[in-house]
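Let me begin by presenting the structure, written as structure tokens, before commenting on it.
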Amino acid sequence: MNLVTHHHTSLRDAWQRLRLHPWSNLFSILVIGIALSLPTGLFLLMSNLDRASNSFAEQTEMTVFLKTKTEMDAAQALADAVRAEPGVRRVRLIPREDALAELQHSGLDDILTSLTANPLPHSLVVEPTDSLRVRQLEQRLRQHPEVEAIASVAAWAQRLDALKTFGAALTWSLALLLSLALLAIIGNTIRLQIYAQRDAIEISRLIGATDRFIRRPFLYFGALQGGLGGLVAIILSGGGIFWLNRSVAELAVTYGSSFRLANLDLQTSALVLVTATLLGLLGAWASVAHTLRDFD
Amino acid sequence: MIELLNVTKRYPGGHLALANCDLKIARKEMVFITGRSGAGKSTLLKLIGAIEKPTSGHIKIGEQDISRLRRDTIPFFRLNIGMIFQDHKLLYDRSVLDNVLLPLHIRDLHGVEATQRARAALNKVGLSNRERSRPITLSGGEQQRLCIARAIVGRPTLILADEPTANLDDDYATEIMEILKALNDSGDTIIIATHDQGIIARYGKRRLVLADGSLS
Ligand SMILES: Nc1ncnc2c1ncn2[C@@H]1O[C@H](COP(=O)(O)OP(=O)(O)O)[C@@H](O)[C@H]1O
Ligand SMILES: [Mg+2]
């Protein structure tokens, strides 16, 4: 009970101190919020990219386009050869006539009727047994002289994966860097606070205050400032995704998709808030430990 | 019981403030320390309050040798002492009530209980109607009484008052002395540094004279 009222008192003191210099404190909270919203926003974009690419990754099929001069017999022979390759589950030969017919159904018939000859090659749709070996299979298929080009979603997904690894590394280094910036901002704010409270600290010590007692309100102040900065970061990055989603929705409609960017969930928001609060606490701690030593 | 054994205090600048002082003060005693300005009165109180450390010698309070206190135990020792500073040492950016609440917060007392005790202390020194004021708006006598309220609110058993009536009109001085006298009557040990001979004569308590750092 006493502990509760006591923490309540400290928190109220910290809040009052915050309101004592509303503009400068608002400014540091905004700076903290912006600093934190960068990694948070990047994290959100990356997890959305993840979500989008996961839906491709399951599509391991690849389409092997043969050279246009390849005859049907040769195409058939190649289909059989590929079927015999390891790691291949199924091979479907799509004759150039079928490909053209399918294209005509897709609404491009205006352009196509103006053509005198069928420009499309025969193609094979190859379904691998194992989504992890898609790249190797693709490379082996390329070695057949009849093969002109290979379109593979999985290969794209793998390239995307590499991009995601890079994005994740970027997110974390940005988070680390900006956390350090946040520590510095809060540390500096607290340092100024301590100097402004110099008399109060000295007097409190004279009448029996322990270091813990002196430290406490500053720690609360740091945690409060960090937490409020975290809140700003949540609002900024959440609002950013919300705003982006309007363009995404428009874009998705033209592809007949209802894809939307996922926004901050409760867990991530809580993580941002807790991290920001802890960073604030840490910055305050370091600053208090360092600054109070000067007063002895 | 307070006991000083051969205490010498030399300030870092080399100035000798107290030289080979011996002193015994019993519990519940009220003692005046007098002497010219610069004689070492404040220094003596600061040594007893563990605000300064003696250069040599021992200061014992009860069984404790406070010249040997570790830095982190000093705060706990100070909780037993109510100190009235010559220069007040009030927090001018906080209300009168908040100034009196500070020693209670330091003792981990909060909330209604703390507020009640702070108000009781303010009532004792006749400042009940000023609890929302800033100390700067108080008269010299009122500020001095606020110092007393802050010193007694934690219920210390030893009160060290450094020139509590300095710069005060006679009426105010008498008021302050009456409060201290009442605290002594209720069992507190009180040490008062003052150069006001009139007051010392009026109360007829034990009187120690400091001259150039030596007690007599
Ligand atoms: N912190 C200090 N540093 C150096 N000299 C001091 C300090 N405090 C007091 N003194 C010197 O010690 C002597 C005693 O001072 P003080 O105890 O304040 O005397 P009093 O309270 O009797 O006027 C004075 O000469 C004063 O200048
Ligand atoms: Mg003095």
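The values are calculated or read from the model by the stated rules, or taken from the named source; none is laboratory data. Bear in mind the structure is a predicted one, so any value in this text is a computation, not a measurement. Here the Cβ is made from the backbone with ideal geometry for all residues, glycine too, and neighbour counts use every protein chain on show. Accessible surface is based on the protein model in full, side chains and every heavy atom, while ligands, DNA and RNA are left aside. Shrake-Rupley method; radii C 1.70, N 1.55, O 1.52, S 1.80 Å.
Could you tell me whether residue B:9 is touching a Gly at 6+ places or on another chain (Cβ under 8 Å), within 25 Å of residue B:87 (Cα to Cα), within 16 Å of ligand 2 (Cβ to nearest atom) and open to solvent by 10 Å² or more (accessible area, probe 1.4 Å)? Please lay out each step first, then the result.
Numbers: touching a Gly at 6+ places or on another chain (Cβ under 8 Å): yes; within 25 Å of residue B:87 (Cα to Cα): yes; within 16 Å of ligand 2 (Cβ to nearest atom): yes; open to solvent by 10 Å² or more (accessible area, probe 1.4 Å): yes.
It is true that residue B:9 is touching a Gly at 6+ places or on another chain (Cβ under 8 Å), within 25 Å of residue B:87 (Cα to Cα), within 16 Å of ligand 2 (Cβ to nearest atom) and open to solvent by 10 Å² or more (accessible area, probe 1.4 Å).
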Task: Pairs where the first residue, in region B:42-54, is free of Cβ contacts under 8 Å to residues at least 12 places away in the same chain and the second is within 12 Å of ligand 1 (Cβ to nearest atom) and assigned to a loop (DSSP other than H, G, I, E, B), C-beta under 9 Å, 6+ apart - done: B:46/B:52
TODO: From (1) free of Cβ contacts under 8 Å to residues at least 60 places away in the same chain; (2) within 14 Å of chain B (Cβ to nearest Cβ), pick out the condition that doesn't hold for residue A:270.
DONE: (2)
Task: Evaluation of residue A:220 against (1) of a type in the set (Ser, Thr, Tyr); (2) within 14 Å of another protein chain (Cβ to nearest Cβ); (3) over 20 Å from residue A:19 (Cα atoms) (one fails), failing number - done: (3)
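Just to be sure I understand, how many residues within region B:80-103 are within 16 Å of ligand 2 (Cβ to nearest atom) and not aromatic (Phe, Trp, Tyr)?
The first filter runs over region B:80-103 and keeps only residues within 16 Å of ligand 2 (Cβ to nearest atom), leaving B:83-89.
Applying the additional criterion that residues be not aromatic (Phe, Trp, Tyr) yields B:83-84, B:86-89.
Here the count works out to 6.
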Task: Residues of region B:19-42 that turn out to be within 7 Å of ligand 1 (Cβ to nearest atom) and either over 28 Å from residue B:203 (Cα atoms) or surrounded by 13 or more Cβ atoms within 10 Å (Cβ to Cβ) (or both), as a count - done: 6
Open item on the list: Quick check on residue A:212: is it buried (at least 18 other Cβ atoms within 10 Å of the Cβ), among the basic types (Lys, Arg) and within 10 Å of another protein chain (Cβ to nearest Cβ)?
Closed with: no
- [ ] Output the residues belonging to region A:114-169 that are modelled with pLDDT of 80 or more, in a helix (DSSP H, G or I) and surrounded by 14 or more Cβ atoms within 10 Å (Cβ to Cβ).
- [x] A:137, A:138, A:140, A:141, A:164, A:167, A:168
Task: Only one of B:69, B:45, B:4, B:16 that is within 13 Å of ligand 2 (Cβ to nearest atom) and surrounded by 13 or more Cβ atoms within 10 Å (Cβ to Cβ) - done: B:45
